[in-house]
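K.L.:
Got a structure for you, written out below as structure tokens; questions coming shortly.
Quick note: the coordinates plus some simple rules give every number you see, no bench work behind them. It should be emphasised that the depicted structure is a prediction, and the values quoted were computed from it without experimental measurement. All Cβ positions, even for glycine, are placed from backbone atoms using ideal geometry, and neighbour counts span all protein chains on display.
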Amino acid sequence: MKTNRLFIRVISVLTSIVIAVLFIIFSCKKENSNLTVKGQVRDTILNVLLSGVKVDLYVQKIVSGTLNYNYVFDKTTNTDLQGNFSFSTPVAYATGYKVYFTKTDYFDISEIMQVSDFENSIHSEIYTMLPDAYLSVHIKNISPYDSSDMLKYHILNGTTHCSDCCGTDYSTFTGMTVDTIKTCRVIGARNDSLEWFITKGGNAIPFVKSYFCPAFQTTTVDIFY
């Protein structure tokens, strides 16, 4: 009986040691393993691959057992001539990742990924960036009637990608001496339309005008009323 008890104790101790060793090995392996974030960046409007795009990687980390909900900057790279990029980052103590893309004359884009989004430790995707342009609208009351003259206009397909973008809200101008220029950012290489209403002497008349904004350029549209 004593021999059997001793044998059971030895087996129990050895089992505990094996489990502890395996846990250490697994932990070290996980801590030293990497995740790969890679992809290709394209402009599908102009049908080109985008080189020189700045790609920043941010990480959502667990620090001292506490999840930091903020994404902390980790590293940066640039796309090559074929629009490709790749990051390798340790998987340990991270719950999420964010990639942020910037390039002059393009709208910024970003993507958030969870560790569960990775397949075989790799996250690969094709990203699309939109070219920008500028729309300059010249509003001028050339035939004033009285102080209640009013013009209001908006862009039918405005965008909210940025703070200086042309949205879809109406801009309104009142009075006899209106003569101003409003410039805002739009998606380039795209057709769009302006809709406006002119009110003089109590009569409101609607108008629509289509235009094309070449990428990376400023297009001027006159509204003289």
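K.L.:
Over the chain, with a Gaussian network built from C-alpha contacts below 10 Å, which listed residue (N68, N34, N47) shows the highest mean-square fluctuation?
P.N.:
Residue with maximal mean-square fluctuation among N68, N34, N47: N47.
K.L.:
Let me ask something else. What are the ³J(HN,Hα) couplings of the range 60-77, residue after residue, when phi is run through the Karplus curve with 6.51, -1.76, 1.60 and θ = phi - 60°? Round to Hz, x for glycine and proline.
P.N.:
9, 10, 9, 10, 6, x, 10, 6, 8, 6, 6, 8, 9, 4, 10, 6, 9, 7
K.L.:
Report, in debye and to the nearest 20, how large the dipole of the chain comes out about its Cα centre when Lys and Arg carry +1 and Asp and Glu carry -1 on their Cβ.
P.N.:
For the chain, the charge dipole is close to 1340 debye.
K.L.:
Could you tally the net charge around K140, taking each other residue with its Cβ under 11 Å from the Cβ of K140, Lys/Arg +1 and Asp/Glu -1?
P.N.:
Taking every other residue near K140 into account, the sum is -2.
K.L.:
Still on this structure, I have one more. Please work out whether the range 132-224 counts as rounded, prolate or oblate from its C-alpha gyration tensor, where a ≥ b ≥ c are the square roots of the eigenvalues and a/c under 1.5 means rounded, while otherwise a/b larger than b/c means prolate and anything else oblate?
P.N.:
prolate
K.L.:
Which one of Y106, G175, H123 has its Cα pushed farthest toward the positive end of the charge dipole of the chain, where Lys and Arg give +1 and Asp and Glu give -1 at the Cβ?
P.N.:
H123
K.L.:
Now a separate question. Using +1 at the Cβ of each Lys and Arg and -1 at the Cβ of each Asp and Glu in the chain, identify which of Y145, N78, A94 lies farthest towards the dipole's positive end.
P.N.:
Farthest along the dipole direction, towards plus: A94.
K.L.:
Here's another thing I want to ask about it. Can you compute the equivalent ellipsoid semi-axes for the chain, i.e. the square root of 5 times each eigenvalue of the Cα gyration tensor, sorted largest first and rounded to whole Å?
P.N.:
Whole-Å semi-axes of the equivalent ellipsoid: 63, 20, 12.
K.L.:
Out of G175, G167, G52, any idea which swings most in a Gaussian network model of the chain, alpha carbons joined below 10 Å?
P.N.:
In this elastic network of the chain, the residue with the biggest mean-square fluctuation among G175, G167, G52 is G175.
K.L.:
Which net charge results when you count Lys and Arg as +1 and Asp and Glu as -1 among the other residues whose beta-carbon is under 15 Å from that of S163?
P.N.:
-2
K.L.:
Right, next: Determine the sum of side-chain charges near D80: Lys and Arg each +1, Asp and Glu each -1, restricted to other residues whose C-beta is under 14 angstrom from that of D80.
P.N.:
After counting each charged neighbour, the total is +4.
K.L.:
Something else now. Tell me, how many Å apart are the Cα centres for the range 153-218 and for the range 46-112?
P.N.:
35 Å
K.L.:
In deg cm²/dmol and to the nearest 500, what is the mean residue ellipticity at 222 nm of the chain if only DSSP H runs of at least 4 residues count, each as -39500 (n - 2.57), divided by the residue total?
P.N.:
-5000 deg cm²/dmol
K.L.:
To the nearest 10 degrees, how steeply does helix 2-32 sit against the main Cα axis of the chain, on a 0 to 90 scale?
P.N.:
Result, in degrees: 30.
K.L.:
With each pseudo-label sitting 7 Å past Cα toward Cβ, what's the L46-S136 distance in nm, one decimal?
P.N.:
According to this spin-label approximation, the distance is 2.0 nm.
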